[in-house]
Ligand code: GAR
């Protein structure tokens, strides 16, 4: 039986599309695409794939915790076993994180722990980084601080400070790395080392079976 996955988006949703294209209906079933923004293109991508969608604007609730609780209820009602943050640009409440502890993954456009938070690519360019990359990690209660599942780096030199070219390169990596991490989780090949909770053991990961 395939893993039931809810995807949360805030904007374009190209990472959501990559998951829909490469995994949906096979290794996993995307059971819902949710957003904090009604105009997020990711919602349309979900609808086009015949997936349920829902919008949870923060302004529609008394506070962020109430919004997150409503979103968590919806995700649970779908029977989702994994929550994928695919360009979801808000910090989730500690209660939300605890409800899905160890079952939320995020894709971030930097080699964490460098350049956490918003505008990661711009932060890296401003810093003058010569190597950049993408991280897929479990989400904990901090900002982009959870245990790392997969990372991939690239040299910045050929792209210099051309932000559009760097963004394109980042997306190209993300669209492979995020579906790969989700497929590995669906296959039961990802677990946290019980003796060392920051360390994620990935069978068949880049370094082989470690
Ligand atoms: C992606 O590059 C993702 O890494 C980034 O937002 C973009 C969303 O693109 N996420 C973050 O910066 C989270 N801190 P998409 O909407 O086309 O998938």
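The values are calculated or read from the model by the stated rules, or taken from the named source; none is laboratory data. Quick caveat: nothing in here was measured; it's all calculated off a predicted structure. Using ideal geometry, Cβ is built from the backbone for each residue, glycine included, and neighbour counts are taken over all protein chains shown.
Note down all Cβ pairs under 6 Å where the first residue falls in the stretch 143-170 and is within 27 Å of residue 189 (Cβ to Cβ), the second is assigned to a helix (DSSP H, G or I), and they're at least six residues apart or on different chains.
149/181; 150/177; 150/181; 152/173; 152/177; 154/169
Every residue in the stretch 134-184 that is on the phi > 0 side of the Ramachandran plot and within 14 Å of the ligand (Cβ to nearest atom), please.
144
Mind checking which residues of the stretch 71-96 are surrounded by 14 or more Cβ atoms within 10 Å (Cβ to Cβ) and without any contact (Cβ under 8 Å) to a residue 40 or more places away in the chain?
72, 93, 96, listed by residue number.
Quick check on this structure: which one of 185, 121 is surrounded by fewer than 19 Cβ atoms within 10 Å (Cβ to Cβ), touching a strand residue (DSSP E or B) at 6+ places or on another chain (Cβ under 8 Å) and farther than 21 Å from residue 92 by Cα?
Just a single option satisfies the conditions, and that option is 121.
With within 16 Å of the ligand (Cβ to nearest atom), crowded, with 21+ Cβ neighbours inside 10 Å, over 19 Å from residue 140 (Cβ atoms) and modelled with pLDDT of 95 or more as the only criterion, which of 49, 40 stands out?
Details: 49 fails: crowded, with 21+ Cβ neighbours inside 10 Å.
Answer to the selection: 40.
Out of the stretch 84-124, which residues are over 19 Å from residue 176 (Cβ atoms) and either assigned to a strand (DSSP E or B) or away from the ligand (no atom under 14 Å from the Cβ) (or both)?
Filtering the stretch 84-124 down to residues over 19 Å from residue 176 (Cβ atoms) leaves 88-104, 113-119, 122-124.
93, 94, 95, 96, 97, 98, 99, 100, 101, 102, 103, 104, listed by residue number.
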